[in-house]
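Since the structure comes first, as structure tokens, the remarks are kept for the end.
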Amino acid sequence: MKSLYSAVVLAALAVPAIGGAQQPADEDPDDLDEVVVVGRSAATSLVAIEVDREILVDTATALKDIPGANVNANGPVTGIAQYRGMYGDRISVVIDHLGVVSGGPNAMDTPLSYVSPMITDELVVTRGIPGVSLAPESIGGHVAARLSRGEFSDKGTSLSGFAGTRFSANGDVSTTAARATLSGERHKLSLVAEVDDGDDIDTPAGTVWPSRLHRERADLSYAFSGDAASVLVFAGRLDTDETGTPALPMDIRFIDTELAGLQVALDVGRGWSVEGRVGWNDVEHLMDNFGLREAPMPPMQRQNFTTGSGVELRLGAIRKSDSGEFSVGADLRSAEHSATITNPNNSAFRVDNFVGIERDVASVFAEWQRVGQDSDIELGLRVKRVDAGSGTVGAAGMMGMMAANVAALGDAFNAADRDLDWTSVDAVAKYRRRIGPEAEWRLEFGSKTRAPSYQELYLWLPLQATGGLADGRSYVGGLGLDEERSNEIVLGFGAAVGRVTVSPQVFYRRVDGYIQGVPSSNGLANAVSQMMSGNPALEFANVDAEIYGIDLAWKLELGGDWYMDGIASWARGKRTDVSDNLYRLAPPNASIGLTWDTDRVSAAAELVAYAKQDKVSIYNGEQRTPGYALVNAVVSWQPLEVLRVEARLDNLLDKAYQDHVAGINRANGSDIPVGARLYGAERTLSAGLIWRF
């Protein structure tokens with residue numbers, strides 16, 4: 001519940017100056033013209049959540065308090081960002097400006113799983129169309145997270161940080177985290193670490209099994225801040241072990257990831273500055289369908305060992321002058337993937353599912369921003385090329401007609417041209433008009449592209465390795481896929497009138513070449529899929545779609561220490577080539593909070609309501625869900641300046657409900673039947689203690 005800690009500012013009410021001192025490389029200067037708005041209240045540009053103040057385990061959950069945003073949850077720490085009807089690879093997610101290459105083909109280690117909540121300072125969502133400078137592929141939105149690395153000291157060398165713990169009675173979920181920062185005016189050394197652990201979660205409909213979790217995250221960084229230069233270098237590790245993903249066909253046995261990065265910014269004079277970024281991560285990931293959930297018969301037991309690694313490079317230059325800020329840059333993102341499926345009871349069984357996968361994105365961009373007295377303009381252009389390739393695949397240990405059909409699918413895939421490329425141009429134009437000191441209009445246009453993911457291209461055998469779609473269907477890839485192109489328009493208004501601030505935005509997207517599953521015409525794929533899952537395969541294909549809607553945030557000052565605030569979101573997605581709806585879109589929803597906030601004590605109550613979702617996808621066999629409403633409450637007390645005690649009560653009325661963007665249960669042995677949508681947690685009391693020094 002972000003309202004407890006929110007500080008509301010309309011971006012229209014303040015314009016930062018152009019120029020000034022060089023910005024430290026470990027700060028978050030994603031947009032020139034934006035005032036970051038903390039909380040879920042009114043904002044026309046950026047909305048930021050102070051994640052470290054939230055009593056949660058999956059940082060992605062915080063997206064639910066941002067207008068237009070939501071999260072597709074397949075497990076306790078596998079939240080997939082959704083924004084205005086798009087999700088997954090369509091959303092750019094960066095951590096301290098750098099992306100993360102996932103190690104698994106089913107998004108078990110989503111980018112936001114790398115930012116454990118107690119050691120994450122903030123989660124920032126660009127409201128509207130992201131500028132071209134933010135990321136090479138951001139067709140659906142942009143999310144930026146920043147780890148907690150402390151501050152530079154202006155009082156000589158000092159040691160600062162925090163230590164804290166949180167506990168939730170539901171599933172005995174515990175979180176323990178700490179940060180220690182040794183800093184001076186120029187130098188800063190910081191170590192952060194967090195451990196999350198828990199058992200299976202109870203719902204009013206029974207226990208979700210498996211929904212246990214265990215995750216360890218650590219990061220060591222050094223930063224330098226000078227008059228003309230700044231540097232950030234870091235190295236980190238993520239270890240996720242024995243974590244359930246009941247909406248997917250397998251659970252996490254381990255995800256071992258190493259990460260490192262370097263960021264440099266240099267003021268070279270005459271209004272020019274240059275920046276450079278290098279990022280790297282390497283993942284090893286094992287999942288299976290028998291270790292945490294009820295095991296199938298030995299012939300059907302499977303484990304999947306996957307790897308992922310990636311390198312990201314960026315070099316840019318910025319020129320600031322009286323006429324505005326002009327930036328140019330070039331970046332490269334290179335990723336490699338592999339996945340091998342085996343049966344621990346049959347050494348002869350093997351499926352080389354993804355072999356030698358490569359996906360490279362190289363691009364150049366130019367962007368101009370002008371901040372005027374009454375109006376602002378942003379114009380951006382990015383040219384990019386995406387190259388993808390795959391090695392030869394195969395399978396062994398199968399018998400009879402299954403073996404023959406699988407071999408034929410592999411032979412056809414290996415004989416096809418697997419070296420693919422796409423070249424495209426993205427363009428963004430934004431105009432903001434201020435009406436007096438407390439109101440603004442915003443108009444944005446964007447035409448952006450996304451090339452197919454490696455799963456959408458190279459899934460040669462009908463499987464559910466679909467980047468976390470979690471619809472239970474088996475898919476095959478399409479080597480002939482075109483890129484997606486989204487043409488979008490956004491109209492927004494923001495105003496502060498007396499005690500009220502409000503900022504609605506209306507958007508419309510037409511997506512040409514939208515990639516989704518359609519019934520496959522491949523007889524071999526359908527035969528194999530029928531034998532394995534009882535359903536014919538879906539094949540990734542280009543269709544035409546549109547997504548439109550409205551979302552808003554608001555706040556009402558009640559006087560004294562009281563205020564109310566809330567958000568509301570509605571997105572409608574449908575295909576335009578046939579009569580069908582897009583899959584897994586959040587239904588219309590709204591929340592309203594009442595907060596009492598003083599220097600030492602804050603308390604809030606919140607009502608969250610979701611409408612029914614009956615606009616479901618026929619091709620995905622998507623289930624309808626009824627509407628529901630939940631009541632939550634939170635309190636925070638600071639008896640000392642350095643000590644915070646916090647508590648939260650979720651689902652106060654113990655309501656049985658099903659979040660539409662939660663997955664469908666795939667795990668036998670759970671109280672939730674296989675094929676039923678997962679239920680939300682029962683009444684849950686959580687508490688925490690944070691000490692800062």
When restricted to Ala604, Ala647, the only residue surrounded by fewer than 20 Cβ atoms within 10 Å (Cβ to Cβ), touching a Gly at 6+ places or on another chain (Cβ under 9 Å) and farther than 19 Å from Gly680 by Cβ is Ala647
Looking at Lys574 and the list (1) in contact with a Lys or Arg (Cβ under 7 Å, 6 or more places away or on another chain); (2) not in a loop (DSSP other than H, G, I, E, B), which single condition is not satisfied? (1)
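Condition test on Asn535, is it out of contact with any Phe, Trp or Tyr (no Cβ under 7 Å at 6 or more places or on another chain) and modelled with pLDDT under 95?
Yes: the conditions hold for Asn535.
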Selection over the stretch 198-242 where residues are in a strand (DSSP E or B) and either more than 30 Å from Val278 (Cβ to Cβ) or not β-branched (Val, Ile, Thr) (or both) yields a count of 31
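For the stretch 186-228, give me each residue that is of a type outside the set (A, V, I, L, M) and in contact with a helix residue (DSSP H, G or I) (Cβ under 9 Å, 6 or more places away or on another chain). It would help to see each step written out before you state the result.
First, pick out the residues of the stretch 186-228 that are of a type outside the set (A, V, I, L, M): 186-188, 190, 194, 196-200, 202-204, 206-207, 209-212, 214-217, 219, 221-222, 224-227.
Across the stretch 186-228, the qualifying residues are Glu194, Asp196, Arg215, Arg217, Asp219.
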Mind checking which residues of the stretch 48-70 are part of a helix (DSSP H, G or I), surrounded by fewer than 24 Cβ atoms within 10 Å (Cβ to Cβ) and acidic (Asp, Glu)? Asp52
Filtering the stretch 177-195 down to residues that are within 13 Å of Tyr222 (Cα to Cα) and basic (Lys, Arg), which residue is surrounded by the fewest Cβ atoms within 10 Å (Cβ to Cβ)? Arg186
Of Arg450, Arg418, Arg433, which residue is of a type in the set (Lys, Arg), touching a strand residue (DSSP E or B) at 6+ places or on another chain (Cβ under 9 Å), surrounded by 14 or more Cβ atoms within 10 Å (Cβ to Cβ) and over 25 Å from His337 (Cα atoms)? Arg433
Meets criteria (among the aliphatic types (A, V, I, L, M) and either under 21 Å from Ser533 (Cα atoms) or touching a Leu at 6+ places or on another chain (Cβ under 6 Å) (or both)) for Ile672: yes
Out of Glu488, Glu456, Glu440, report the one residue that is among the charged types (D, E, K, R), crowded, with 21+ Cβ neighbours inside 10 Å and assigned to a helix (DSSP H, G or I). Glu456
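Quick check on the stretch 402-415. Is at least one of its residues crowded, with 18+ Cβ neighbours inside 10 Å, outside any helix (DSSP H, G or I) and in contact with a helix residue (DSSP H, G or I) (Cβ under 7 Å, 6 or more places away or on another chain)?
To start, the set of residues in the stretch 402-415 that are crowded, with 18+ Cβ neighbours inside 10 Å comprises 405-406, 409-410, 413.
Still in the running and outside any helix (DSSP H, G or I): none.
No, the stretch 402-415 contains no residue that is crowded, with 18+ Cβ neighbours inside 10 Å, outside any helix (DSSP H, G or I) and in contact with a helix residue (DSSP H, G or I) (Cβ under 7 Å, 6 or more places away or on another chain).
Which residue out of Asp654, Asp659, Asp614 is touching a residue at least 12 places away in the same chain (Cβ under 8 Å), touching a Lys or Arg at 6+ places or on another chain (Cβ under 6 Å) and charged (D, E, K, R)?
Details: Asp659 fails: touching a Lys or Arg at 6+ places or on another chain (Cβ under 6 Å); Asp614 fails: touching a residue at least 12 places away in the same chain (Cβ under 8 Å).
So the residue among Asp654, Asp659, Asp614 that is touching a residue at least 12 places away in the same chain (Cβ under 8 Å), touching a Lys or Arg at 6+ places or on another chain (Cβ under 6 Å) and charged (D, E, K, R) is Asp654.
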Of (1) over 22 Å from the mean Cα position of the chain (by Cα); (2) closer than 15 Å to Leu685 by Cα, Thr175 satisfies all except one. Which? (1)
Within the stretch 276-292, count every residue that is assigned to a strand (DSSP E or B) and either without any contact (Cβ under 8 Å) to a residue 60 or more places away in the chain or over 25 Å from the mean Cα position of the chain (by Cα) (or both). 6
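Does Val543 fit the bill of being touching a Lys or Arg at 6+ places or on another chain (Cβ under 6 Å), under 20 Å from Gly517 (Cα atoms), buried (at least 19 other Cβ atoms within 10 Å of the Cβ) and not polar (S, T, N, Q)? Walk me through how you get there before you give the answer.
Working: touching a Lys or Arg at 6+ places or on another chain (Cβ under 6 Å): yes; under 20 Å from Gly517 (Cα atoms): yes; buried (at least 19 other Cβ atoms within 10 Å of the Cβ): yes; not polar (S, T, N, Q): yes.
Against the criterion (touching a Lys or Arg at 6+ places or on another chain (Cβ under 6 Å), under 20 Å from Gly517 (Cα atoms), buried (at least 19 other Cβ atoms within 10 Å of the Cβ) and not polar (S, T, N, Q)), Val543 qualifies.
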Can you pull out every residue in the stretch 275-308 that is crowded, with 16+ Cβ neighbours inside 10 Å and within 15 Å of Pro210 (Cα to Cα)? Met287, Asp288, Asn289, Phe290, Gly291, Leu292, Arg293
Quick one: count up the residues across the stretch 609-668 that are of a type in the set (Lys, Arg), touching a Phe, Trp or Tyr at 6+ places or on another chain (Cβ under 9 Å) and in a strand (DSSP E or B). 1
So Arg510 passes all but one of these: (1) crowded, with 19+ Cβ neighbours inside 10 Å; (2) modelled with pLDDT of 95 or more; (3) not in a loop (DSSP other than H, G, I, E, B). Which condition number does it fail? (1)
Just wondering, is there one or more residues in the stretch 74-92 that are among the acidic types (Asp, Glu) and touching an Asp or Glu at 6+ places or on another chain (Cβ under 7 Å)? no
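Being over 18 Å from Pro462 (Cα atoms), buried (at least 18 other Cβ atoms within 10 Å of the Cβ), of a type in the set (S, T, N, Q) and in contact (Cβ under 8 Å) with a residue 24 or more places away in the chain is true for just one of Ser334, Ser375, Ser390, Ser424. Which residue is that? If you could, list the steps in order and put the result at the bottom.
Values: Ser334 fails: buried (at least 18 other Cβ atoms within 10 Å of the Cβ); Ser375 fails: buried (at least 18 other Cβ atoms within 10 Å of the Cβ); Ser390 fails: over 18 Å from Pro462 (Cα atoms).
Ser424 is the lone residue from the list that is over 18 Å from Pro462 (Cα atoms), buried (at least 18 other Cβ atoms within 10 Å of the Cβ), of a type in the set (S, T, N, Q) and in contact (Cβ under 8 Å) with a residue 24 or more places away in the chain.
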Hey, could you check the stretch 659-671 for residues that are farther than 14 Å from Leu248 by Cα and more than 25 Å from the chain's Cα centre (by Cα) and say which is surrounded by the fewest Cβ atoms within 10 Å (Cβ to Cβ)? Gly669
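The values are calculated or read from the model by the stated rules, or taken from the named source; none is laboratory data. Computed from a predicted structure; not experimentally measured. Neighbour counts are summed over all protein chains in view; Cβ atoms, including those assigned to glycine, are modelled from backbone coordinates with ideal geometry.
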